[in-house]
Amino acid sequence: MQYDNPIISRRTATVFMLPALVFVGVFLAFPAVWAIYIGLTNLTLTGRAAIEPKVVWLANFAAILRDPFFRNSLWITVQFVFGSAIVGQMGLGLALALLLNNRKGILKDVVSSVVILAWIIPEVVVAYLWVAFLDTDFGLLNSVVGALGLKPVNWFFEHPVLSIVIFNIWRGTAFSMLLFSAALQTIPPSYIETADVIGASGWRKFRDIILPLIRPHIVTGAVLVTIWTFNVFTPFLLTGGGPAFKTELLSIYTYRNAFKYFKLGYGSAISALILLINLALATVYMRLARARRG
């Protein structure tokens, strides 16, 4: 009996994929389409517009693009994503993976455990730990600074974006480290051994052997980490978007308009723009990956 009929294979594959497709459709696609629809209305949480919302088409989007608070949030988000995701999490994760690669002993176990522990602790707990760590009067960091004879720093007021960037790097580096550690294990040991025999430096081995072989993993990690960081809301627990909106990321800006000012249509329009930005970033990464392969 023959079982290689392409029609049967296609149907069988569809049956196996159907539960995942239903899950994606119900929990991802439908909410996205619904948010875009609400973004085209003047829906509010209270008042007449909550009962009888009207379609205002692109009025919300035009108002958002004119809003200086949106431009401020977008610029802060760009700094936050570049600093914490691209430079911080990706860079530090790769450095830790290279440092711990093929190492054995207590150092590797301790570093790996500490990094992963920062990742698995609940976000609320981590946020309040960092609030206590950076507190101006009683924080551990300022206690160390004072012990060194230096003046304590109001971190959230004087360095607001830097504070949440460092917090997010500490929080999310584990994913990049684990991803790159797995990628490094796929490199045949003979490649590195051959480079050692011919006397290649550490930088040459990284540039000519390691980096080209793990580039697909770098692109995958960059897409995931960038999108996660772009949508992260946890810094709200540290600063509430302040002081004076200096740490108001786009996610916090959306929350403020939708649930503090009750403008659900306006907030949904913001989330639709964020969705478009995420799609644009993912497209850029994928094009860069294809260009590299070409």
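The residue that is farthest from THR229 (Cα to Cα), counting only those in the stretch 30-83 that are assigned to a helix (DSSP H, G or I) and among the charged types (D, E, K, R), is ARG48. For the stretch 280-292, does any single residue satisfy the condition of being crowded, with 16+ Cβ neighbours inside 10 Å and either within 25 Å of VAL165 (Cα to Cα) or modelled with pLDDT of 90 or more (or both)? Taking every residue of the stretch 280-292 in turn, at least one turns out to be crowded, with 16+ Cβ neighbours inside 10 Å and either within 25 Å of VAL165 (Cα to Cα) or modelled with pLDDT of 90 or more (or both).
Annotation: of all residues in the stretch 221-241 being touching a residue at least 60 places away in the same chain (Cβ under 8 Å) and among the small types (Gly, Ala, Ser), the one that is farthest from MET177 (Cα to Cα) is ALA222. Within the set VAL111, VAL161, VAL131, VAL124, the sole residue that is under 25 Å from PRO189 (Cβ atoms) and not polar (S, T, N, Q) turns out to be VAL111. Only residues that are at pLDDT below 90 and part of a helix (DSSP H, G or I) were counted across the stretch 145-169, and they come to 3. The residues of the stretch 88-114 that are surrounded by 13 or more Cβ atoms within 10 Å (Cβ to Cβ), in a helix (DSSP H, G or I) and at pLDDT 85 or above, listed by number, are GLY88, GLN89, MET90, GLY91, LEU92, GLY93, LEU94, ALA95, LEU96, ALA97, LEU98, LEU100.
Of the numbered criteria (1) surrounded by 15 or more Cβ atoms within 10 Å (Cβ to Cβ); (2) among the hydrophobic types (A, V, I, L, M, F, W, C); (3) in a helix (DSSP H, G or I), the one LEU276 fails is (1). When GLN2 is tested against the conditions (1) modelled with pLDDT under 90; (2) on the phi > 0 side of the Ramachandran plot, the lone failure is (2).
Condition check for LYS246 on (1) surrounded by 13 or more Cβ atoms within 10 Å (Cβ to Cβ); (2) modelled with pLDDT of 90 or more; (3) closer than 22 Å to ILE38 by Cβ: one failure, at (3).
Table: residues versus (1) without any contact (Cβ under 8 Å) to a residue 24 or more places away in the chain; (2) more than 25 Å from PRO212 (Cα to Cα).
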| residue | (1), (2) |
| --- | --- |
| TYR255 | yes, yes |
| LYS263 | no, yes |
| SER268 | no, yes |
| ALA272 | no, yes |
| ILE277 | no, yes |
| LEU281 | no, no |
| VAL284 | yes, no |
| LEU288 | no, no |
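In the set (1) under 26 Å from LEU281 (Cβ atoms); (2) polar (S, T, N, Q); (3) surrounded by fewer than 18 Cβ atoms within 10 Å (Cβ to Cβ), the condition left unmet by SER201 is number (1).
Does GLY221 satisfy the criteria of being in contact with a strand residue (DSSP E or B) (Cβ under 7 Å, 6 or more places away or on another chain) and in a helix (DSSP H, G or I)? No.
The values are calculated or read from the model by the stated rules, or taken from the named source; none is laboratory data. All of these numbers come straight from a predicted model, not from anything done at the bench. As a convention, Cβ positions derive from the backbone with ideal geometry for all residues, glycine included, and neighbour counts pool all protein chains shown.
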